[in-house]
Amino acid sequence: MENLYIVILAFVSAVTLGRIIIPNVLIISMRKRLFDVPDERKVHKRPVPRLGGVTFFPVILFSLCVFTALRLVLGLGPQEGEAETLMSEFLFLMGGLTLLYIIGIGDDLVGVRYRRKFLVQIVSAAMFPLAGLYINNFYGLFGIYLIPEAVGIPLTMLLVVFITNAINLIDGIDGLASGLSMVALLVFGVLFVHFQMWSYAMLAFVTVGVIIPFFSYNVFGNADMGRKIFMGDTGSLTLGFILSFFVIKYCMYEPEMLLRVKSSPVLVSFSVLMVPCLDVVRVVLRRARNRRPLFMPDKTHIHHKFLEMGFSPRKAMVTIQLMSACFCAFTITAIQYMNNTLVFVIDLVAWTLLHQWFNQVIKKKRG
């Protein structure tokens, strides 16, 4: 019970620090005129500061370090063997986050070519296999169980880069990327609390804590009064990388973990990130079919579709969140009673049919 109290204290500290720092970031951004300038592809109409994400990594690092140290002082920390594994994983995680934090700030301030960003993302993704974390089991999805290292390690690196970019690309309207990330982090946080994996639960809830004050400024802030802020690439890369860490950690097969997990970790992880991940797949396939540059920004993401259907940005955000929650609830429930592959196929079919319906609505709207 003491560990749970410390997790709650760490969460409160992250909320408090974020609430203190973000207004100061707004002041600096306004004085130095560090704005995200609107163009034909963007939804906002006025210049808005885009450095909200610079608060994420420092606050997460501070809260995690301080309250992990508190656990150790109180004798609540992990045992010796477990502590070595935990330290290795978290040090490599922080190393990757540092690289992404630097490249994210560079992109938000002066712009960075996507090739350089991909290179940094690949190097950061390599941190997980170095820590001993990689996808090593599909838990029966497509009839596949154990996966050899030669397949699992490159697959893990690809998945980390994919999830990191998925969160980055879904960040197109106020509150969407941060809201989807909060829901996913809460799911992982509750799972890790359930399994008494307190350090991972602390990281999840601390990250939720730093998102909350940002979300309030991003969604409810007034741009005319200088009270609105975007997370920028710094924030989205940080959230995407942390989420990919949780996906790999939760999915990695461990004999003692399998005794406690009664469902498919792969599908549970997929369900909480289904909307941003499948949206990226759909957009990339569409660009490839139309022979357009795969990484050139456009207005074909799911939030753009909702805006074309006549939704306001806030209604679009709420609706997409609800859609994501429904997919998540269905998948987590269905895998208790149905074959994993069948559940996965149903999700894909439902996603495809929904987009066909969205396209028909847009066509009618255009007349």
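Scanning region 301-318 for residues that are within 21 Å of LEU186 (Cα to Cα) and either free of Cβ contacts under 8 Å to residues at least 24 places away in the same chain or surrounded by fewer than 21 Cβ atoms within 10 Å (Cβ to Cβ) (or both) yields one hit, VAL318. Looking only at residues in region 226-243 that are at negative phi and not in a helix (DSSP H, G or I), which one is most open to solvent (accessible area, probe 1.4 Å)? Selected residue: ARG227. Quick check, is SER216 more than 24 Å from ASP279 (Cβ to Cβ) and assigned to a helix (DSSP H, G or I)? For SER216, the condition - more than 24 Å from ASP279 (Cβ to Cβ) and assigned to a helix (DSSP H, G or I) - is met. The set of residues in region 216-225 that are surrounded by fewer than 21 Cβ atoms within 10 Å (Cβ to Cβ) and in contact (Cβ under 8 Å) with a residue 12 or more places away in the chain comprises VAL219, ALA223, ASP224. The residue of region 160-191 that is farthest from GLY18 (Cα to Cα), among those that are in a loop (DSSP other than H, G, I, E, B) and not aliphatic (A, V, I, L, M), is GLY172.
Annotation note: Cβ proximity below 8 Å between a residue of region 103-121 that is surrounded by fewer than 13 Cβ atoms within 10 Å (Cβ to Cβ) and a residue that is of a type in the set (A, V, I, L, M, F, W, C) (sequence gap 6+ or interchain) occurs for ARG116/ILE103.
Can you find even one residue in region 304-318 that is out of contact with any Pro (no Cβ under 8 Å at 6 or more places or on another chain), among the β-branched types (Val, Ile, Thr) and more than 20 Å from LEU348 (Cα to Cα)? Yes: region 304-318 contains one or more residues that are out of contact with any Pro (no Cβ under 8 Å at 6 or more places or on another chain), among the β-branched types (Val, Ile, Thr) and more than 20 Å from LEU348 (Cα to Cα). When PHE205, PHE195 are checked against the criterion of being modelled with pLDDT of 95 or more and aromatic (Phe, Trp, Tyr), PHE205 stands alone in meeting it. Taking helices (runs of 4 or more DSSP H) as the structural unit, those lying wholly within region 264-367 and holding at least 3 residues that are of a type in the set (D, E, K, R) correspond to 274-289, 340-366. Across region 155-170, the qualifying residues are those that are touching a Phe, Trp or Tyr at 6+ places or on another chain (Cβ under 8 Å) and open to solvent by 40 Å² or more (accessible area, probe 1.4 Å), and the one among them that is farthest from LEU4 (Cα to Cα) is LEU155. Working only within region 347-359, note down all residues that are among the polar types (S, T, N, Q) and either open to solvent by less than 90 Å² (accessible area, probe 1.4 Å) or within 17 Å of LEU273 (Cα to Cα) (or both). Within region 347-359, THR352, ASN359 meet the criteria. All of LEU243, LEU273, LEU237, LEU258 fail the test of being under 22 Å from MET338 (Cβ atoms) and at pLDDT 90 or above, apart from LEU273.
Answer yes or no: is there a residue in region 49-66 that is outside any helix (DSSP H, G or I), modelled with pLDDT under 85 and either crowded, with 20+ Cβ neighbours inside 10 Å or at negative phi (or both). Looking through region 49-66, none of the residues is outside any helix (DSSP H, G or I), modelled with pLDDT under 85 and either crowded, with 20+ Cβ neighbours inside 10 Å or at negative phi (or both).
From GLY189, GLY175, GLY152, GLY209, which residue is open to solvent by less than 30 Å² (accessible area, probe 1.4 Å), touching a Lys or Arg at 6+ places or on another chain (Cβ under 9 Å) and among the small types (Gly, Ala, Ser)? Checking each option against the conditions leaves just GLY175.
None of MET202, MET197, MET252, MET231 is more than 19 Å from PHE90 (Cα to Cα) and out of contact with any Cys (no Cβ under 7 Å at 6 or more places or on another chain) except MET231. If the condition is being buried (at least 19 other Cβ atoms within 10 Å of the Cβ) and touching a residue at least 40 places away in the same chain (Cβ under 8 Å), then region 319-346 contributes ILE320, SER324, PHE327, CYS328, THR331, ILE335, ASN340, VAL343, PHE344. Look at region 53-82: where a residue is within 25 Å of ILE28 (Cβ to Cβ) and aromatic (Phe, Trp, Tyr) and a partner is open to solvent by less than 60 Å² (accessible area, probe 1.4 Å) and modelled with pLDDT of 90 or more, sitting 6+ places away or on another chain with Cβ atoms under 6 Å, you get PHE56/VAL210; PHE56/GLY235; PHE56/THR238; PHE57/LEU97; PHE57/TYR101; PHE57/THR238.
Applying the set (1) open to solvent by less than 60 Å² (accessible area, probe 1.4 Å); (2) modelled with pLDDT under 95 to THR85 leaves exactly one unmet item: (1). For region 1-35, filtering for residues that are farther than 20 Å from ARG227 by Cα, open to solvent by 30 Å² or more (accessible area, probe 1.4 Å) and either assigned to a helix (DSSP H, G or I) or not aliphatic (A, V, I, L, M) (or both) leaves 7. For region 172-200, the tally of residues that are of a type in the set (D, E, K, R) and within 21 Å of SER124 (Cα to Cα) stands at 0.
The values are calculated or read from the model by the stated rules, or taken from the named source; none is laboratory data. Quantities reported herein were computed from a predicted structural model and do not represent experimental measurements. FYI the Cβ positions are ideal-geometry reconstructions off the backbone, even for glycines, and counts take in every protein chain you see. To get the accessible areas, we keep the full protein, side chains included, count just its heavy atoms, and leave off ligands, DNA and RNA. Shrake-Rupley method; radii C 1.70, N 1.55, O 1.52, S 1.80 Å.
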